[in-house]
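No value in this document is a laboratory result; all are computed from the given coordinates. Computed from a predicted model, the values in this text were never measured in an experiment. Neighbour counts are summed over all protein chains in view; Cβ atoms, including those assigned to glycine, are modelled from backbone coordinates with ideal geometry.
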Amino acid sequence: MTETFVSRLVRMVVTLAIVSVTGFLLLHLAPGDPLAQFALSPGMTATQLGVIRHQMGLDVPLPLQYLIWVKGLLVGDWGRSFRDHQPVLTVIFGHLGATLELAGTASLLATWVGASMGMYGAFRQGSRTDTLMTVLSVVLLSIPTFWFGLVFISLFSVRLGWLPSGNIHAVGGAFSLGDYLRHLLLPAVVLALGSTAIWSRYTRNAVAEVLGQDYIRTARAKGLSPRRIRYRHVLRNALLPMITLAGLQLPTLLSGALVTETVFTWPGIGRLFLDSLEYRDYPVAMGILMFSAVLATFGSIVTDALYAVADPRLRAGRQ
Amino acid sequence: MHTFRRLMKIRTASAGLVMVAVLAVACTLLPPLLPYDPLEIDLHHRFLPPLSGGHVLGTDEIGRDTLVRLLAGARTSLLIGLSAMVLSTVTGCLTGGLTGFHGGWTRRVLMRIVDSVLCFPTIFLLLTLASFGQPGAPTIVGIVSLVAWMEVSRVVDGQVRALRGREFVIAVEAMGASGVHMLLRELLPNITGAIIVVSTLNVARAILMEAYVSYLGNGIQPPQPSLGAMLNDAQEYLRPDPWLAILPGLVIAIAVIGLNFVGDGLRLAVDPRQGRRA
């Protein structure tokens, strides 16, 4: 157990190292210059630009820049934003809350609706509802998220005027829970659509697979109540593949949040990321990249741990 | 032929095939028959709703015919999807075949790279990679393939490794066949089914990715019509003309749903055993 844990940790560090090098190179070598925002100001001279470049630490060779950045990363100094000179961690944590609220609501919604759909379909395989839901999940997965965003805005905000079309709360108004929830509803539903479909497909397959097992037939033959079989025998065993999915969904949700936040002008980390790419704000972009990479690798470790909890066979101490 | 007949028996798969075929035929044959050009501006007839003024699906914010633009955009999407599929399938088969066949270090290195790339949010990769080249169709094909080959590689790697220990492969090896012969003549033909399935689903994914990149402004550049870019433009005109936002999405949906249905159907048709389990 300790050995697998150590090797897993090593693997995680290697992965993060590759991610950081690739990300750093991609960002810095891509055309565009963070100084573009200064170069446009009137009266800017080449000497002044040189000073700014030096202060940003962009005048040293790229490998050295990388090492300086990594050193800072390890001691908790993630650099400062090129845009407003705020520490990167402050900027990230300032936007993280909004994204967690959005992605959290969306994933709760997706898990609950999707898993229910999947279970329903698996228990009534071949029924009309089952077919309909299978088709529906392919449809949901085949349409870009932002299209749903646009259609929902056009219907619920522009046409019907029921819900706001963007932002996290009404401009200028005092904070109220109702107002916040009204703003949260549309983006959360849009972000949840894709993962709902994935959850539904996945749950359906997992449950159907368990239903075909011999021990379910045995349980039926023993005369256990359908309810007991369903919860004790089927769901408990179908839980395993579903835990894997929960771990895998983490990075996907972040990617989806990027687009959803853009459509609904939600002030979260996804929009911050797109903005920082556009401004060539390297420290912030790299910070978010590393943050989500750590989250993704961490997600897979938590998945494994949960796996051990759910499956006694995998628990420590057994060969 | 058996596979095709099995495929046609799956209702969603045949429906998907029809959807893709209709779309492909429409965007090749229809444009020359229509009296409009996708770039032709007509400021006297802006924001026409569908079925008015001789424009079947109306016009956009500068009076260009929506139907013609949709068809041109769909053709670009399909072509990008197909080219990206070819490129990613070839790369994926080569790398996956190599690692599955040799295993060991080559495999470990490749899997580490694949894992790391999967750590990046897809949109980040697409957008940063897009900024390296001239925005346009060839660049999109390149970056989409760069993101999509891994899926193929993983599948081929797994399949080759599974077949590597089977009797017929060992028999050929014992007869003194070269590695290249074994890979190309014995292993790959046996996993064509799996490769076709991933490739079909990859065409769908590539079309979606093109839509995302163009929507975020780094793909096909205006005035060239692209479904994603049309959605981006439509965003500003949701109030006067919601059709501009609804229609391009529907075209993307037809293409991607159709391809996904075919892909899912193929999965069952190629390997009936898997179908019964799933």
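Pairs of alpha-carbon atoms within less than 8 angstrom and 6+ residues apart define the contacts here; what relative contact order does the range A:122-210 have, in percent?
That works out to 41 percent.
Hey, got a sec? Which chymotrypsin sites (Phe, Trp or Tyr not before Pro) in the range A:138-247 land in a DSSP loop and have at most 13 other Cβ atoms within 10 Å?
A:Trp162, A:Phe175
Kindly state, to the nearest 0.05, the FRET efficiency for B:Val172 paired with B:Val86, given R0 = 30 Å and r defined as their beta-carbon distance.
Once the sixth-power term is evaluated, E becomes 0.55.
Can you give the helix-only mean residue ellipticity at 222 nm for chain B, where every DSSP H stretch with n ≥ 4 adds -39500 (n - 2.57) and the sum goes over all residues, rounded to the nearest 500 deg cm²/dmol?
-23500 deg cm²/dmol
For A:Trp266, which sequence-distant residues (separation of 5 or more, or a different chain) have an amide H within less than 5 Å of its own amide H, given hydrogens modelled in the peptide plane?
Under 5 Å from the amide H of A:Trp266: A:Asn167.
How big is the charge dipole of the range B:157-228 about its Cα centre, in debye rounded to the nearest 20, if each Lys and Arg gets +1 on its Cβ and each Asp and Glu gets -1 on its Cβ?
So the magnitude is around 40 debye.
Would you work out the relative contact order for the range A:1-157, in percent, from Cα pairs under 8 angstrom that are 6 or more residues apart?
After rounding, I find 8 percent.
So what J values fall out for the range B:118-123 if you push phi through Karplus, 6.51 cos²θ - 1.76 cosθ + 1.60 with θ = phi - 60°, rounded to Hz, Gly and Pro as x?
Result, ordered by residue: 5, 6, 6, x, 3, 4 Hz.
Rounded, prolate or oblate: which one fits the protein assembly as shown, using the alpha carbon gyration tensor with axes a ≥ b ≥ c (rounded when a/c is under 1.5, else prolate when a/b beats b/c, else oblate)?
Rounded.
Label A:Ala305 and B:Phe47 with points 7 Å out from Cα along Cα→Cβ: what is the distance between them in nm?
For A:Ala305 paired with B:Phe47, the spin-label model returns 5.5 nm.
Mean-square fluctuation check for chain A, GNM, Cα pairs under 10 Å: which of A:Leu181, A:Leu40, A:Leu16 is largest?
A:Leu40
Report, to the nearest 10°, how far helix A:269-278 tilts away from the longest principal axis of the Cα atoms in chain A, using its own Cα long axis and a range of 0 to 90°.
Value to nearest ten degrees: 40.
B:Thr59's amide H: which non-local residues (gap 5+, or another chain) put their own amide H closer than 5 Å, with H modeled 1.01 Å from N in plane and none for Pro or chain starts?
B:Phe47, B:Leu48, B:Thr66
At 222 nm, what value in deg cm²/dmol follows for chain A if DSSP H runs of at least 4 each add -39500 (n - 2.57) and the sum is divided by all its residues, to the nearest 500?
It comes out at -24000 deg cm²/dmol, rounded to the nearest 500.
For the range A:10-126, build the charge dipole from Cβ charges (+1 Lys, Arg; -1 Asp, Glu) around the Cα centre, then report which of A:Ser81, A:Gln37, A:Ile68 sits farthest towards its positive end.
Result: A:Ile68, furthest along the dipole toward the positive end.
Per residue of the range A:13-25, what does 6.51 cos²θ - 1.76 cosθ + 1.60 with θ = phi - 60° give for ³J(HN,Hα)? Whole Hz please, x for Gly and Pro, Karplus curve as stated.
Per-residue couplings from phi come out as 5, 4, 4, 4, 5, 4, 4, 5, 5, 4, x, 4, 4 Hz.
Explain nothing, just the number: relative contact order of chain A, from Cα pairs under 8 Å at least 6 residues apart, as a whole percent.
26
If we sort B:6-17, A:184-195, B:91-102 on the protection proxy, mean other Cβ atoms within 10 Å, highest first, what's the order?
With the highest mean Cβ count within 10 Å placed first, the list reads A:184-195, B:91-102, B:6-17.
What's the angle, to the nearest 10 degrees (0 to 90), between helix A:236-263's Cα axis and the longest principal axis of chain A?
The two axes meet at around 30 degrees.
Using 1/(1 + (r/R0)^6) with R0 = 56 angstrom and r between the beta carbons of B:Lys9 and A:His169, what's the FRET efficiency to the nearest 0.05?
0.55
How shielded is A:270-281 by partner chains, expressed as the average number of their Cβ atoms within 10 Å of its Cβ atoms?
Neighbouring Cβ atoms belonging to other protein chains average 2 per residue here.
Rounded if a/c is under 1.5, else prolate if a/b beats b/c, else oblate: with a ≥ b ≥ c from the C-alpha gyration tensor eigenvalues square-rooted, which is the range A:1-111?
Oblate is the answer for the range A:1-111, as a/c is 1.5 or above yet b/c matches or exceeds a/b.
Provide a whole-number value for the mean count of partner chain Cβ atoms within 10 Å of the Cβ atoms in peptide A:147-157.
Partner Cβ neighbours, averaged per residue: 5.
Using θ = phi - 60° and the Karplus form 6.51 cos²θ - 1.76 cosθ + 1.60, what ³J(HN,Hα) does each residue of the range B:83-94 get, whole Hz, x for Gly and Pro?
5, 4, 5, 4, 4, 6, 5, 4, 4, x, 5, 4
How big is the dipole moment of the range A:116-253 about its Cα centre under a simple scheme where the beta carbon of each Lys and Arg is +1, that of each Asp and Glu is -1, and everything else is neutral? Debye, nearest 20, please.
That gives a dipole near 760 debye.
Taking chain A as the reference, fit the longest principal axis to its C-alpha atoms, fit the long axis of helix A:282-310 to the helix C-alpha atoms, and give the angle between the two in degrees, 0 to 90, nearest 10.
On a 0 to 90 degree scale, this one is about 20.
Against the globular-protein guess of 2.2 N^0.38 Å, express the Cα radius of gyration of chain B as a ratio, rounded to two decimals.
1.17
What whole number of Å gives the distance from the Cα centroid of the range A:6-84 to the Cα centroid of the range B:225-245?
36
When B:Val203, A:Val234 are ordered from fewest to most other Cβ atoms inside 10 Å of their Cβ, what list results?
Neighbour counts put them in this order, fewest first: A:Val234, B:Val203.
Given the Cα-Cα distance of A:Asp84 and A:Gln213 and 0.36 nm per residue of separation, how much length would full extension add, in nm?
Roughly 40.5 nm would be gained on extension.
Along the positive direction of the dipole of the protein assembly as shown (beta-carbon charges: Lys, Arg +1; Asp, Glu -1; about the Cα centre), which of A:Val210, B:Leu238, A:Gln48 reaches farthest?
Result: A:Val210, furthest along the dipole toward the positive end.
Mind checking the mean number of beta-carbon atoms from other chains within 10 Å of the Cβ atoms in B:201-212?
Average neighbour count from other chains, rounded to a whole number: 2.
Is the shape of chain A best called rounded, prolate or oblate, per the rule: a/c under 1.5 gives rounded, else a/b larger than b/c gives prolate, else oblate, with a ≥ b ≥ c the square roots of the Cα gyration tensor eigenvalues?
Oblate.
If you filter the range B:186-278 for chymotrypsin sites (Phe, Trp or Tyr not before Pro), then keep DSSP loop positions with at most 13 other Cβ within 10 Å, what is left?
Within the range B:186-278, no chymotrypsin sites (Phe, Trp or Tyr not before Pro) qualify (loop, at most 13 other Cβ atoms within 10 Å).
Which value, in debye to the nearest 20, describes the size of the charge dipole of the protein assembly as shown about its Cα centre when Lys and Arg Cβ atoms bear +1, Asp and Glu Cβ atoms bear -1, and nothing else is charged?
Once rounded to the nearest 20, the dipole reads 2960 debye.
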